Amino acid sequence: MSNPVSLSVHGPVAVITMDKPPVNSLGAALRAGIADALDQANANAAVRAIVLTGTARAFSAGADVTEFGTPNAAREPNLRVVISMLEDSPKPVVGAIAGQCLGGGLELAMGCHFRVASADANLGLPEVKLGLLPGAGGTQRLPRLVGLETALNMVVSGNPVAAAKLAGTALIDQIVDGDLVQGAIVFAQGVLDKGLPLRRARDLKVQDPQGQAFLQFARNTVGAMSKNFPAPMKCLEAVAASLNKPFDEGVRVEREGFLSLMASPESRALRHVFAAERAAAKIPDLPADTTLRNIAKVGVIGAGTMGGGITMNFLNVGMPVVLLEMKQEALDKGLATIRRNYENTMKKGKLKPEQVEQRMALVTGTLSYDAFVDADLVIEAVFENMDVKQSVFETLDRVCKPGAILASNTSYLNIDRIASFTKRPADVLGLHFFSPANVMRLLEVVRGAATAPDVLATSMAVAKKIKKIAIVSGVCDGFIGNRMLARYGTAAAGLINAGALPQQIDGALQKFGMAMGPFRMGDLAGLDIGWATRQRKANEAGVAFTPIVADKLCEAGRYGQKTGSGWYRYEAGKRDPIPDPVTEQLIADYRAANSITPRKISDAEVIERCIYALVNEGARILEEGIAARASDIDVAYLNGYGFPLHRGGPMLYADLAGLPNVVRALRRFAAEPGADASWQPAPLLLKLADEGKTFC
Ligand code: T1G
């Protein structure tokens with residue numbers, strides 16, 4: 001590998017430049033390169049001062065997260081050694097910071113004696129977002145350079161701060177306009193001319209007389225906000241050590257915390273999610289340099305909840321939208337809802353009045369498809385019925401210009417069949433948003449058999465532009481998320497039949513970390529939706545419809561919150577789920593009618609059955625090629641279905657539980673009398689378990 005570090009000499013000043021694309025992550029090669037260049041500069045008698053800099057994009061984005069858990073992570077010189085080499089250099093070292101200066105990158109910069117930066121450089125210690133804490137002296141040097149409170153906020157939140165805001169602290173000695181390296185060389189020359197002593201962060205004292213009181217207040221705040229995550233509190237304790245312990249003792253506290261967190265399942269989960277979200281953008285059979293189509297104008301069909309939310313995503317990023325409805329009244333209602341949503345955001349201080357007007361000015365209502373003639377992308381969010389979709393896509397095919405991308409927001413209908421209604425199936429795909437579409441990050445990009453590579457690549461780029469996390473799905477009933485949700489729901493329903501009650505199942509799954517248990521979720525979404533789906537499927541399969549308990553609730557008019565009762569009952573105007581004896585009686589009647597003798601069910605069994613049902617279906621989705629990788633499935637379930645972030649997703653959860661243990665549990669469930677065939681372990685799961693491998 002070529003040396004990612006270069007050394008140049010400008011009069012008495014040496015400049016060490018880090019250039020390891022894309023963001024100077026501090027892997028073994030870069031660390032060694034810095035150390036070698038530093039040795040060379042210090043051995044060169046003509047050199048009297050040193051500048052360390054990176055690229056315009058990044059000084060350094062920190063430790064190389066892809067090295068974690070590999071021998072390279074500890075390969076010498078490790079980051080702490082390199083930082084000490086900077087700090088112990090007999091010649092002044094000036095950090096010249098542009099772009100991202102994060103994590104170990106900022107720790108590296110704090111090893112320098114002085115630092116200059118571009119005003120918009122981003123400085124931060126985001127380790128907490130990976131379930132870690134700064135492990136190369138950051139928790140001890142930062143408080144000494146910017147003060148306890150600023151340092152604690154930066155370390156515990158993990159949020160970056162622009163260099164301009166840190167000017168005037170010992171962290172940023174000067175903001176350089178124009179050529180950063182030239183400015184750093186001039187600064188270094190000034191240090192020499194003035195004979196400034198080498199200022200080592202480790203020698204400074206944390207100036208904060210009220211520090212202990214502040215820390216106690218912070219402990220209460222951080223403790224309350226970091227449920228399920230140990231890192232924030234360990235970050236706090238490491239920073240606290242900077243206040244009342246000598247530097248080296250504080251570093252020991254930091255090191256213990258770092259090693260403990262690195263081994264934690266929560267950090268394993270957060271590091272998995274960091275990599276998973278970036279992997280999702282990579283489509284194995286699609287060249288990274290696929291030419292994208294230009295998307296400047298978007299059409300949306302349907303101004304209801306979904307259509308309105310979808311529209312807002314584009315308005316939020318300055319893209320004009322033509323919004324089509326069939327009737328003026330529906331169009332007016334939809335536009336009014338969009339405006340009201342923005343005004344509510346404005347009332348919370350998150351939007352200025354002029355921004356509301358700017359966004360509303362970008363949406364044009366219409367009652368005619370003719371308004372789509374120059375649209376580059378049209379997304380339909382009309383009624384989930386194939387006949388309606390056929391009419392919509394036949395019309396779009398007739399009206400839209402060649403090259404326009406035609407997308408359906410359908411949550412389960414067959415995209416290949418929808419594409420067949422047009423003469424341009426290559427331009428058709430699914431863009432499945434999740435309600436509320438302007439809030440939920442997840443977007444399932446459903447690739448049809450005919451979908452063209454550039455249509456797929458363009459759609460992924462659009463997703464990134466509208467700040468969605470896009471997952472590519474193949475065509476099947478329910479795509480990725482809803483297909484898994486169906487299995488999860490069946491498992492939960494099976495537990496009701498067997499002897500559990502909704503409140504026990506919801507309680508166990510919410511304690512596991514699910515945002516909302518399946519029965520609360522059903523009451524929120526409306527039980528009649530599932531009722532209609534089950535009747536549709538029975539009809540499509542040509543079999544008699546056999547009602548389950550949820551259908552019995554619907555037959556009794558209990559659709560959920562919208563009817564004041566479903567699995568639970570609800571006080572007028574409230575959403576709190578209240579266990580209902582009527583439901584319990586209905587369940588008892590169902591069990592009796594089906595000769596089921598209820599048994600005691602543990603919370604552990606609730607978790608095993610519901611979560612392993614997700615995992616098993618995820619394995620099938622993988623082996624069918626519907627999802628490209630297990631981590632895509634995790635990203636989908638974390639961002640669209642409320643799976644707990646600290647567990648990293650259902651597939652990682654299974655890996656950490658041990659796939660052989662998952663297989664044993666599934667085999668137990670499959671062996672029960674009358675068990676559903678879907679409890680049989682998926683072949684891919686069996687194979688991985690047999691081979692001692694994992695999904696992720
Ligand atoms: N290590 C390895 N690769 C990284 C990386 C890192 N730290 N940061 C980014 N990348 C890759 C990323 O995977 C992607 O790769 C490409 O760079 C562009 O990233 C001891 C232990 C810097 C703000 O947590 O926040 O230091 O997909 O798509 O939107 O105390 O990346 O192109 O193959 O996100 O412009 C602490 C994490 C590490 C920073 C750029 N540092 N990175 O955002 O591009 S732990 C972080 C980011 C540590 C020390 C501890 C962002 C970014 P690919 P991107 P972006």
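The values are calculated or read from the model by the stated rules, or taken from the named source; none is laboratory data. Here the structure is a predicted model, which is why all the values come from computation and not from measurement. So basically every Cβ, Gly included, is an ideal-geometry build from the backbone, and we count neighbours across all protein chains shown. Each accessible area value is taken on the protein alone, full model and side chains, heavy atoms only, with ligands, DNA and RNA left out. Shrake-Rupley method; radii C 1.70, N 1.55, O 1.52, S 1.80 Å.
Below, the figures for the structure above:
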{"item": "Residue within the stretch 513-531 that is open to solvent by 40 Å² or more (accessible area, probe 1.4 Å), within 26 Å of P681 (Cα to Cα) and either in a helix (DSSP H, G or I) or among the hydrophobic types (A, V, I, L, M, F, W, C) (or both) present", "result": "no"}
{"item": "Which numbered condition L292 misses (of (1) away from the ligand (no atom under 16 Å from the Cβ); (2) surrounded by 16 or more Cβ atoms within 10 Å (Cβ to Cβ); (3) under 30 Å from N409 (Cα atoms); (4) not charged (D, E, K, R))", "result": "(2)"}
{"item": "Residue in the stretch 25-33 that is part of a loop (DSSP other than H, G, I, E, B), within 16 Å of the ligand (Cβ to nearest atom) and not hydrophobic (A, V, I, L, M, F, W, C) present", "result": "yes"}
{"item": "Members of the stretch 263-285 found to be within 11 Å of the ligand (Cβ to nearest atom) and either open to solvent by less than 50 Å² (accessible area, probe 1.4 Å) or touching a helix residue (DSSP H, G or I) at 6+ places or on another chain (Cβ under 9 Å) (or both), listed by number", "result": "S267, L270, R271, F274, A275, A276, E277, A279, A280, A281"}
{"item": "Members of the stretch 473-508 found to be at positive phi and surrounded by 19 or more Cβ atoms within 10 Å (Cβ to Cβ), listed by number", "result": "G478, F479"}
{"item": "Residue selected from the stretch 141-154 under the condition farther than 19 Å from E249 by Cβ and in a helix (DSSP H, G or I), by the criterion nearest to the ligand (Cβ to nearest atom)", "result": "M154"}
{"item": "Condition met for I601 (modelled with pLDDT of 95 or more, in a loop (DSSP other than H, G, I, E, B) and open to solvent by less than 20 Å² (accessible area, probe 1.4 Å))", "result": "yes"}
{"item": "Where a residue in the stretch 262-288 is on the phi < 0 side of the Ramachandran plot and its partner, wherever it lies, is of a type in the set (K, R), with Cβ under 6 Å and at least six apart", "result": "A269/R647"}
{"item": "Exclusive hit being within 21 Å of A275 (Cβ to Cβ) and modelled with pLDDT of 95 or more, set A46, A61", "result": "A61"}
{"item": "Test: residue in the stretch 35-55 that is in contact with a Pro (Cβ under 8 Å, 6 or more places away or on another chain) and within 11 Å of the ligand (Cβ to nearest atom)", "result": "no"}
{"item": "Meets criteria (in a helix (DSSP H, G or I) and under 34 Å from the mean Cα position of the chain (by Cα)) for Y612", "result": "yes"}
{"item": "Where a residue in the stretch 52-73 is open to solvent by 50 Å² or more (accessible area, probe 1.4 Å) and its partner, wherever it lies, is in a loop (DSSP other than H, G, I, E, B), with Cβ under 6 Å and at least six apart", "result": "A56/A98"}
{"item": "Residue in the stretch 121-140 that is surrounded by 22 or more Cβ atoms within 10 Å (Cβ to Cβ) and away from the ligand (no atom under 13 Å from the Cβ) present", "result": "no"}
{"item": "Criterion (crowded, with 19+ Cβ neighbours inside 10 Å and of a type in the set (V, I, T)) met by exactly one of V9, V93, V81", "result": "V93"}
{"item": "The stretch 76-119, residues that are over 17 Å from M18 (Cβ atoms), away from the ligand (no atom under 12 Å from the Cβ) and either out of contact with any strand residue (DSSP E or B) (no Cβ under 6 Å at 6 or more places or on another chain) or part of a strand (DSSP E or B) (or both)", "result": "E76, S84, E87, D88, P90, F114"}
{"item": "Flag for F643 being more than 15 Å from the chain's Cα centre (by Cα), over 15 Å from L688 (Cα atoms) and not small (G, A, S)", "result": "no"}
{"item": "Condition met for G257 (surrounded by 15 or more Cβ atoms within 10 Å (Cβ to Cβ), within 13 Å of the ligand (Cβ to nearest atom) and of a type outside the set (F, W, Y))", "result": "yes"}
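This table checks each residue for (1) under 32 Å from the mean Cα position of the chain (by Cα); (2) farther than 17 Å from L30 by Cα.
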| position | (1), (2) |
| --- | --- |
| T70 | yes, no |
| A73 | yes, no |
| S89 | no, yes |
| S118 | yes, yes |
| A121 | yes, yes |
| G124 | yes, yes |
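A quick yes/no check of all residues on (1) open to solvent by less than 30 Å² (accessible area, probe 1.4 Å); (2) over 22 Å from D632 (Cβ atoms); (3) over 26 Å from the mean Cα position of the chain (by Cα):
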site: G649; (1), (2), (3): yes, no, no
site: Y653; (1), (2), (3): no, no, no
site: R667; (1), (2), (3): no, yes, yes
site: P681; (1), (2), (3): yes, no, yes
site: L686; (1), (2), (3): no, no, yes
